[in-house]
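Colleague: One structure, as structure tokens, below. Some questions next.
Just so it is clear, none of the values below were taken in a lab; they were calculated from the coordinates. In this text, all values refer to a predicted model and were calculated from it rather than measured experimentally. Cβ: placed from backbone, ideal geometry, glycine included. Neighbour counts: every protein chain shown.
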Protein chains: 2
Amino acid sequence: MTSVDAGAGRRPRARKGEGRQLRDEIVAATERLLLATGSSEAVSIRAVANAVGVTPPSIYRHFPDKTALIFEVVDRHFAELEARLDAAIAGLDDPVAALAAAGRTYIEFGIENPEPYRVMFLTRSDETPDEYKYERLAELTCFGTVLGIVQDCIDAGRVRPDAGDAVTVTIGVWARVHGLTSLLVTKPDFPWPGERDQFIAHYMDSCLRGLLVD
Amino acid sequence: MTSVDAGAGRRPRARKGEGRQLRDEIVAATERLLLATGSSEAVSIRAVANAVGVTPPSIYRHFPDKTALIFEVVDRHFAELEARLDAAIAGLDDPVAALAAAGRTYIEFGIENPEPYRVMFLTRSDETPDEYKYERLAELTCFGTVLGIVQDCIDAGRVRPDAGDAVTVTIGVWARVHGLTSLLVTKPDFPWPGERDQFIAHYMDSCLRGLLVD
DNA sequence: AGCGTTACGTTAACGCTGTTAACCCTCGCG
DNA sequence: CGCGAGGGTTAACAGCGTTAACGTAACGCT
């Protein structure tokens, strides 16, 4: 009894066309449990079923398996990243400033959504559904968005000529940003330097300095 | 039947003082299974017990729980990193060259030991044993070793003055290196740039350029 | 020589997990 | 009115980590 289940005790059966409604409630309950436990392995099908007042097999009328359910929740969180990224770079004319802002936004998203981030990027790729392998993965991380920013930087002559093409640079940026994000997510009790926001901004600047012309 | 268990069919009981021998065999079998399955969750206590020809509860005579067993295996792999790191920087007088070599060695270690790396750095810190929280974690990642190299770089006037103190720089280096390593480990089927060794070396150089004086 | 202790390993079981097969009910349409 | 199908249930399987209670063989000691 994790104090989050709240039984809900046997909900009434849905009308004919209203199976979707339960589906949404299942997703919502899963998200709640994911937030509460902070671990996708800790949220069980039985707990989700209990939270929405239904028996475990009912879940399988709406989702093929647990992984699909978890990834649906995670997917919704990543849609938010997409929006936040776009908002962050919206008013910025300087592509370098946009790149820095995108990096900070990405890191902040990871900190605020640790478990979705964990599921997406810290689990082996053979236990993620096919559609998230990396076609969709690249799409969700806004790989294309960042790639565009990087290309803008290159076109503006701001990137060192020996840094490689836009794709290579983007992967490099992703690796750097992901590195700090994943450490912050998995080891939150590590003795990180005092002012975290400042440290993050400093890290981003220091990373970009290695890629940009002086 | 994963084709790795190999039954071994009920081993003979050990003599009085020779409990350690089974203990070693358990660790060896766990390591074998970890290598074969590539996932610590996929290696079960029952599979390990079967592999050494013993019943599951026997494992608990030698290890308090599954986590302790896994971490013992992982620990041994990290001892190897320690040695490889020292060997890599041994003959190098230039501290910057040493730092680059250390980074490449770390990344190579991650690629060659994906599951130990995953267990160590890609799982939430509250499911790692206390002694690996980060006192020992910092020790095992050779945090001290890298910190020493970074300090040498600072003393030699090779680090940008605004990069912060040695600890901050070391954390930053760790984050960058860990970022690429963890992506390579979790997403091996990502379309990485062609020559991987070259890409890694290029990545390291590009990272260091942001930290060092020109 | 025989007793007691203790290390070593066993059998049986608990409670949990994801998942499936088989069933029932009730709504809505023709 | 009947019937198909959507929506949900009960019962169960196989596997997991883990624990309690029990044997059993080997050693030290008197």
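Colleague: Which whole number of Å³ per residue matches the convex hull of the alpha-carbon atoms in the protein assembly as shown?
Modeller: Hull volume normalised by residue count: 180 Å³.
Colleague: Nothing charged except the Cβ atoms of Lys and Arg (+1) and of Asp and Glu (-1): what's the magnitude of the dipole of the range A:85-132 about its Cα centre? Round to the nearest 20 debye.
Modeller: Using Cβ point charges on Lys, Arg, Asp and Glu, the range A:85-132 gives about 200 debye.
Colleague: Please name which of B:134, B:26, B:180 has its Cα lying farthest along the dipole of chain B towards the positive end, using unit charges on Cβ (Lys, Arg +1; Asp, Glu -1) and the Cα centre as origin.
Modeller: The listed residue farthest towards the positive side: B:26.
Colleague: Please state the charge dipole magnitude for the range A:12-98, taken about the Cα centre, from unit charges on C-beta atoms (+1 on K and R, -1 on D and E), reported in debye and rounded to the nearest 20.
Modeller: 840
Colleague: Tell me, what is a quarter of the convex hull surface for the C-alpha atoms of chain A, in nm² with one decimal?
Modeller: 14.5
Colleague: Taking all pairs of different Cα atoms in the range A:79-186, averaging 1/r and flipping that mean, what Kirkwood radius in angstroms comes out?
Modeller: 14.4
Colleague: Using the Karplus curve 6.51 cos²θ - 1.76 cosθ + 1.60 with θ = phi - 60°, what ³J(HN,Hα) values do you get for each residue of the range A:112-126, in whole Hz, with x for Gly and Pro?
Modeller: Here the 3J(HN,Hα) series is 7, 10, x, 6, x, 4, 4, 4, 6, 10, 10, 10, 4, 5, 8 Hz.
Colleague: Give the Cα extents of the range A:150-202 along the principal axes, in whole Å, largest first.
Modeller: Extents along the principal axes, in whole Å: 40, 19, 16.
Colleague: Considering only the label points, 7 Å along Cα→Cβ from Cα, what distances in nm to one decimal separate residue B:129 from the same position in each other copy, shortest first?
Modeller: Inter-copy label distances (nm, one decimal, shortest first): 3.8.
Colleague: What's the center-to-center distance, using Cα atoms, between the range B:149-177 and the range A:21-94 in Å?
Modeller: 40
Colleague: Then there is this: What do you get when you divide the Cα radius of gyration of the range A:68-111 by 2.2 N^0.38 Å, with N the number of residues?
Modeller: 1.32
Colleague: Helix-only estimate, please: 222 nm mean residue ellipticity of chain B, summing -39500 (n - 2.57) across DSSP H runs of length 4 or more and dividing by its residues, to the nearest 500.
Modeller: Calculated from helices alone, the mean residue ellipticity at 222 nm is -20000 deg cm²/dmol.
Colleague: Using a label position 7 Å from Cα in the Cα→Cβ direction, what is the ascending list of nm distances from residue B:191 to the same site in the other copies?
Modeller: 4.5
Colleague: Cross-link partners among aspartates and glutamates for residue B:133, C-alpha distance below 16 Å, same-chain residues fewer than 8 apart left out?
Modeller: Here the aspartates and glutamates satisfying the reach criterion relative to residue B:133 are A:189, B:72, B:75.
Colleague: Treat every Asp and Glu Cβ in the range A:67-180 as -1 and every Lys and Arg Cβ as +1, leave all other atoms uncharged, and give the resulting dipole magnitude about the Cα centre to the nearest 20 debye.
Modeller: It works out to roughly 380 debye.
Colleague: If each of residue B:155 and residue B:28 carries a label point 7 Å out from its Cα toward its Cβ, how far apart are those two points in nm?
Modeller: Output for this residue pair reads 4.4 nm.
Colleague: Related question: With everything on Cα atoms, drop me the angle between helix B:166-186 and the longest principal axis of chain B, reported from 0 to 90° to the nearest 10.
Modeller: Relative to chain B, helix B:166-186 is tipped by roughly 50 degrees.
Colleague: Using a 7 Å offset from Cα along the direction of the beta-carbon, what are the separations from residue B:37 to the same position in each other copy, nm, ascending?
Modeller: The answer, with the shortest distance listed first, is 1.9 nm.
Colleague: Let me ask something additional. How many nm separate the modelled label positions at residue B:35 and residue B:196, each set 7 Å beyond the Cα in the direction of the Cβ?
Modeller: 1.8
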